[in-house]
Amino acid sequence: MKNTALTHIHEKLGAKMVPFAGYNMPVQYEGVNAEHETVRNGVGVFDVSHMGEFILKGPKALDLIQSVTTNDASKLFDGRAQYSCLPNETGGIVDDLLVYRIAEEEYLLVVNASNIEKDWNWIKSKNTFGVEMTDISDNMSLLAVQGPKATETLQKLTDVVLSDVKYYHFTKGKFAGVDNVILSATGYTGSGGFELYIPNEVAEEVWNKVFEAGEEFGIKPIGLAARDTLRLEMGFCLYGNDIDDTTSPLEAGLGWITKFTKEFTNSANLLKQKEEGVTRKLVAFEMIDRGIPRHDYPIVDATGNVIGKVTSGTMSPSMKVAIGLGYVTNEFSAEGSEIYLDIRNKNIKAKVVKLPFYKA
């Protein structure tokens, strides 16, 4: 089991630690609902240092990225980030990721912790371009400082004008006394904030300074359980649940990051799928009857015929209603469609709704 540079701090704070993607990670501190509300209303800090980071360098770095990702990375400029995915050759997804353009011939790819080795081997197998690839995952820490008070908190620690950094943009600057910190206006919560990429050796120092800066706003450490409820309220996909090696980006509602203005892995087959239409779709739903959706619960129609399955579900801390994501056949994918969850052999009613669930 790997530790992050901050594991000892989480243990000292009394976090409940769990194995996650090969790392010893804090799942919660004071409780999921309280931590969730801290991020929605104030500011919270996640240690997401288990994520993977690859540097791609060279004259053909963009060519490699264009060939392995679905989104159009040619639209990036220095200081711009992009959400994308790595399609496989059989119609599914190797992983979803962030692509950062650091410079004209240098990019940072940020991948899911559980897929670091898989993604590295996949991209390397496609590197016929002579691109220099470096895996810096084990040397980097990543803090996600999220919530409406995040910018105000972080501004105390840098001369960079953070309010000028737009969503999905980033800058490099001095932060908390550390040079060349990537300050990225990204995050998986829907409540605003930044992600900070810092070397392991200064992680604890930066963590402490962030907590001092946010003290007046009631800053708190937040675990992975609240990260999951926050992202689900926004309808953000979680790899391994809502998307995987068997789900097409078009089925998953990721057509907006699937650009057919270029060729990429399996693009011809995905284009054919787009033209012919998918047979199932990932939908968002709210429970009408009492019951909490869980991963892999069957979704059925009014007569009990299986029409899909739940991929993510929870009781929404913000809205106090049970919500979920799941794949259903096309005829049940329209907003307002009535569907049922088979929970312990009872059909529990739900309805398909539009994302995001949570609207600030």
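None of the figures in this text is laboratory data; all of them are computed from the coordinates on show. All values derive from a computational prediction rather than experimental measurement. So basically every Cβ, Gly included, is an ideal-geometry build from the backbone, and we count neighbours across all protein chains shown.
Observations on the model:
- Charge dipole of the range 1-274 about the Cα centre (unit charges at C-beta), most positive-ward option of 147, 222, 92: 92
- By the rule of a C-alpha distance below 19 Å, with chain neighbours fewer than 8 residues away ignored, the lysines paired with residue 172 are 57, 156, 209.
- Protection proxy ranking of 129-137, 282-290, 315-323, by the mean of other Cβ atoms within 10 Å over each peptide's residues and highest first, is 282-290, 315-323, 129-137.
- If you take the Cα centroid of the range 204-277 and the Cα centroid of the range 63-121, the two points sit 12 Å apart.
- Proximal aspartates and glutamates to residue 220, defined as alpha-carbon separation beneath 17 angstrom and excluding residues fewer than eight positions away on the same chain: 11, 30, 35, 37, 47, 152, 195, 204, 205, 212, 228
- Taking Cα centre as origin and charging only the Cβ of basic (Lys, Arg, +1) and acidic (Asp, Glu, -1) residues, the dipole magnitude of the range 1-274 rounds to 520 debye.
- Both radii were evaluated on the Cα set of the range 177-265; the Rg over Rh quotient, with Rh as the Kirkwood radius, amounts to 1.07.
- For the chain, the square roots of the Cα gyration tensor eigenvalues, ordered a ≥ b ≥ c, give a/c of at least 1.5 with a/b no greater than b/c, which places it in the oblate category.
- When the pairs 126/274; 309/351; 12/149 are compared against a 18 Å limit on Cα-Cα distance, 126/274; 12/149 fall above it.
- For the listed peptides 239-247, 154-162, a ranking on the average number of other beta carbons within 10 Å per residue, highest first, reads 239-247, 154-162.
- Global geometry of the range 279-360, whether rounded, prolate or oblate, following the gyration tensor of its Cα atoms and the 1.5 cut on a/c: oblate
- FRET E, pair residue 11, residue 136, Förster distance 25 Å, beta-carbon r, rounded to 0.05: 0.50
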